[in-house]
Every structure is written in C-alpha cells, then in structure tokens.
Amino acid sequence: MSNENMAELLFSDVGQLPTDIYSLYPPRNLSISAMVTRFAPSPTGSLNIGGLYAALISERLAHQSNGVFFLRIEDTDKKREIKGGIENIIHSLLYFGIHFDEGPTLSGGEKGALGPYKQSSRIKIYKIFIKHLVQKGLAYPCFCDKDDLQKIRISQQNLKVTTGYYGQWAKHRDISFGQAKEEILDGKPFVIRLRSSGSPDRRIIYNDLVKGPIELPENFQDIVIMKTDGLPTYHFAHAIDDYLMGTTHVIRGDEWLSSVPIHIQLFETLGFEIPEYGHIAPIMKQVGASKRKFSKRKDLDGTAEYYREQGYPGIAIGEYFMNLINSDFEEWRMVNPHKSFRDFFIYTDKMNASGALLDMNKLGDISKDVISRLTGKQVFDHLYTWSKEFDSELYTLIDKNKEYTVKILNIGRTIEKPRKDYSKWSDLKTIIAFFYDEWFEKDVLGGYKIPTNVSLDVAKEIVLGFSKTYRFNNEKEAWFHEIKELAVELGFAKEIKQFKANPNRYKGHVGDVAMVLRAALTNRTNTPDLFDIMKVMGENRVFERMERFMLS
Ligand code: GLU
C-alpha cells in the first residue's frame, strides 16, 4: 500500500496504466526473420560520419530482411539541442539514400503508426511506466542533491569501496511515504531511481552482433531513470521506446557497450523482451601513416554535412560504406558491376570489430566510378540540385544554360571507358567553367595560356590559319588532318617524333599547334578532347572565340 501511496504522491497527474499503452503498440506484423532497426540520434549538433555509418547499417539490416527501419529523435536534452537539428538529420539521411519507413518528416509531421517518434512528445508514456515501477516498489524517489552525493562518494573513497548509489549507500532506497511527502512540501527536487536487483558479485554474458560474446559485471547501481525535470534518462527511454516500437536489433556506437548491463536489467525489470545488440567501433580517420578518432572540433570531414556540401554523391558514400561494413563487398562488386549496392547482403558478424578506417583517396576513387556510370543528364540533375543549395554562382550559370550544360556533361561519357576526372560536384565548376562565355571572358582578361615556345604572333597565325579551313561538320579525322597541314604550313613538325629528331628545324610540333587552339578556345592547358569540346560549343561560339583571340 505504501508503494501505491508513494506513486500517487509523485505522479498524481498520471492516470493511465502500462496496459493502456500496450494496446496502442500492437506487435508488428512481420515475418520471423524480418529485423526492425532504428537510428536514434540526438539533435544536438551535426550528424557525424559515425552516426551516418550506423544508420546505413541499420537501414540495410532492416530492408534486406524485409523489415522496418525507423528514425527516432532523442531530444530529451533540450539544453543541448540546436536549431534545425532535426531537419538537418533528415536532410542528410535522405541525401545519402538512407530511407526510413517511420519517423519525423521534414514538414514537421510524422509517418508511421508506432509514434510519436520524438522523445519529447513521449513524456506522458515514460511517466506511466515510471509510476508503475514505483507502485511495484521497483523504483523510488531520491532527493539527494549534489552535496549529498559528494558526501557519499567521499565516504566511499575513504573506505576504498566502489563509489556510486547502491546497496546500503543508497540513502533514499527505503524512504518512507511521510519523509517523501515532507521533502516535496519543502519543494525539494527529486529524481526517480531504479531499485537495482543486481549484485557486484555477478556477471552477465550476452552475444554482441558485432563483437561476439561479451562478459560484463551486472549493474548494481540504483541508476536514475527520471531526472529532476521530469524527463527520462537515455537508458530508460531506450528501454521503453525500443520495446514499444518493436525494435529487434539495436545497432549503435560502442560507447554504449558498458551500459548493456543497465539496459538488460531495465528490460527485465519492465518485463520486456531484450533486443539483440550490435556495438560499432568509431570510424577512424587516416592521417598520414597513422589513424585516429575523428575530433568533433578539429575535423570538418567528420560530419555528414561536409560530404553533402562537398557534393559527394550520396550513393558514393553508401557504396564506400559497404566496403567498410563487409570487406567482401569489393569482390561482390567486381562480379556485379551494375547492381545496386543494396543487392549485397550484409552480416554484422563479418564487420570489423575494431573500427573502420575512412580513406579519402579510396572514397574519391569510388565516387569517380559511381559518377562515371551516370549519364550527362543525370550528372546535370545532381549538379543542379546540389548547386542550388551550395553554389549559387554555378547554379545561375547552369540554370540559364540547361541544354548546353547537359551536352557539356556528356563529353567523355558515352564512350567505352568513360571519364573519371571528378569525384564530387564541387570539382565540376573549375572543369566546365570555360564553356560559359561570361566566365570565359573574365578568365581571358588575365591573358591566354599559350605554350611558352610559341610567340603570340605565331599563335595568332595558327588560329587565323585554322579558322580559314575549319568546317564545323567535319569528322574528327578531317579536322585533325587540317591541324597537321596547318602545322606544316607554319613550320611546325607534323609528328612529335620528327620534331624530336631535329628540334632546330621546327618552331615546334603539331601538339603545340593544338595547344594554341586549346588556349584560344578554352584558355586551359588540360581539357577533354578538343574536337568534342568544339562540337559542344557550337560553330558560332568557336568562331567568336577564335576572333577574340586574334584581337587580343
Ligand atoms: N541518442 C543516442 C545517441 O545519440 C542513441 C544511442 C542508440 O542508438 O541507442 O547516441
């Protein structure tokens, strides 16, 4: 009876029972092998690369087994929450193609029947379960403030015993109803603690999905399950939410590994089935020959947004992560070059328990491969969306020149070995800028980049000569033939070999002639095939640029 009274004293406003809640969370109707997983970030800062990695693993496990993957926002720490944090998480997940079946949406609503999916909207639910635990004598109010806890700790340190709030040290474990009432009337803040059934002499063993069998000491501390502000602790909310939402497999960072005994105890105390746990080591950063953890403050490339801002295609990150998740992905990819990475089945027990290494060069190469498989139009669509958010100058340029840009992006793409010279959308601007007259005109104000062994007068002669014979519709053979003829006419060697044999007889060789034309048309020393470029630029633009060069 006194437990009943205590529960009423603490939670007079809570009228419902756990059974009322269970009826709102019916079991999911899924096959026995289907996994239900979730990503449960706190909106307290940028989504880090490790979080994104864990999210992809969870999403893959769910969807490859025809299960459900959901997003739950753990926003019970209102002080640390940042503005736009939730939108940011959703944007990043969507950009990287990590689709969740249930959870908060960008419009501020939610999808899914087992919500709410934001912990701050679930306070009533937690309280119902906490009240129930108090009623059953499994939890109690603790009015100790910082000073009280400090005193306990000092006594424990003096006696050289384990510190913490447990056993005979748990001052309010057996607090009477009368005493609790007095403290409340005095306006004293309180937390709710779990009356732990654990013992320091016992150990638990469980099988981690990633790390294998793990043995840990049982939890014997009377841990806090509700804070003074009435909000649940992470541990408690985790047990309630993952049980009610039907999570079968919890994949999370290994900073939570040591909390497993607490979680198992909570699930058992609440009478809930315990989910499987898989703990992932943090992704490491390659720095020179060594590796280290990403630093929140120092490493910009430790956040998901960084990769989005840089314009790595979402699918390239997914593809790269697959290599880190299971190393045999690489072999599978070679056998299945055209399949989606989502067709590859991942296994948690094949994951590297000691942490994957993020290698930017490898990521860049994978990204180049991914981009090389896209059509010019697909690249355009990506670039258009990306630049709209991250590069307004580029956006304005390509928005004005949509068709021209698709043609530009098609260069070197429709051939057997497509170009692989860019790994992210932000690389593209400097590669394609010269095609646009606005940009080109600004660029040539600083002078043309002609080969140093050719004078400007000779360069102009080359361009003039070329403009006389140039026919836009000529095939590549004829076009190159003209360049060779021109070279000879102006005293350049037709072949590099000839030039090398007798360098003094020539002004240069045919390559220099082509270089001058390249400079006149693009003001670049390195471009894709010049013939293709001229085709895309169109007859008028080619002649305009040649004239401009001759007048320079
Ligand atoms: N909110 C926790 C975090 O930010 C979630 C951990 C979990 O996945 O259970 O790490």
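The values are calculated or read from the model by the stated rules, or taken from the named source; none is laboratory data. Please read these numbers as outputs of a predicted model, since none were measured by experiment. Here the Cβ is made from the backbone with ideal geometry for all residues, glycine too, and neighbour counts use every protein chain on show. When the accessible area is computed, the model is the full protein with side chains, heavy atoms only, and any ligands, DNA or RNA have been set aside. Shrake-Rupley method; radii C 1.70, N 1.55, O 1.52, S 1.80 Å.
Observations on the structure shown:
- Within the stretch 335-351, residues that are touching a residue at least 24 places away in the same chain (Cβ under 8 Å) reach partners that are acidic (Asp, Glu) with beta carbons closer than 9 Å, at six or more positions or on different chains, in the pairs PHE341/GLU319; THR348/ASP208; THR348/GLU276; LYS350/ASP328.
- Scan of the stretch 104-162 for residues that are open to solvent by less than 20 Å² (accessible area, probe 1.4 Å), touching a Pro at 6+ places or on another chain (Cβ under 8 Å) and not in a helix (DSSP H, G or I), ordered by number: TYR117, ARG122, PHE143
- Matching option when the condition is within 15 Å of the ligand (Cβ to nearest atom), surrounded by fewer than 18 Cβ atoms within 10 Å (Cβ to Cβ) and either modelled with pLDDT of 95 or more or part of a loop (DSSP other than H, G, I, E, B) (or both), among THR19, THR37, THR44: THR44
- Those residues of the stretch 293-312 which are surrounded by 11 or more Cβ atoms within 10 Å (Cβ to Cβ) and over 25 Å from ASP427 (Cβ atoms), in sequence order: LYS293, LYS296
- Inter-residue pairs, beta-carbon under 6 Å, first under 21 Å from ARG80 (Cβ atoms) and in the stretch 33-45, second in a loop (DSSP other than H, G, I, E, B) and near the ligand (Cβ under 10 Å from one of its atoms), 6+ apart: ARG38/ARG72; ARG38/THR247; ALA40/ARG72; ALA40/GLU74; SER42/GLU74; PRO43/ASP75
- Scanning the stretch 60-70 for residues that are within 13 Å of the ligand (Cβ to nearest atom) and touching a residue at least 40 places away in the same chain (Cβ under 8 Å) yields a count of 1.
- Pair list, Cβ under 9 Å, 6 or more apart: the stretch 238-256 residue in contact (Cβ under 8 Å) with a residue 24 or more places away in the chain and of a type in the set (Phe, Trp, Tyr), other residue open to solvent by 10 Å² or more (accessible area, probe 1.4 Å) and within 11 Å of the ligand (Cβ to nearest atom): TYR243/PRO275
- Selection within the stretch 1-12 - within 10 Å of LYS131 (Cα to Cα), free of Cβ contacts under 8 Å to residues at least 12 places away in the same chain and exposed (fewer than 14 other Cβ atoms within 10 Å of the Cβ): SER12
- Per-region count, the stretch 494-522, residues within 22 Å of LYS449 (Cβ to Cβ), touching a strand residue (DSSP E or B) at 6+ places or on another chain (Cβ under 8 Å), without any contact (Cβ under 8 Å) to a residue 40 or more places away in the chain and of a type outside the set (Val, Ile, Thr): 3
- ARG292 satisfies every condition listed in (1) in contact (Cβ under 8 Å) with a residue 60 or more places away in the chain; (2) in a strand (DSSP E or B) except (1).
- Selection within the stretch 325-361 - under 26 Å from LEU428 (Cβ atoms) and surrounded by 15 or more Cβ atoms within 10 Å (Cβ to Cβ): ARG333, PHE341, LEU358, ASP359
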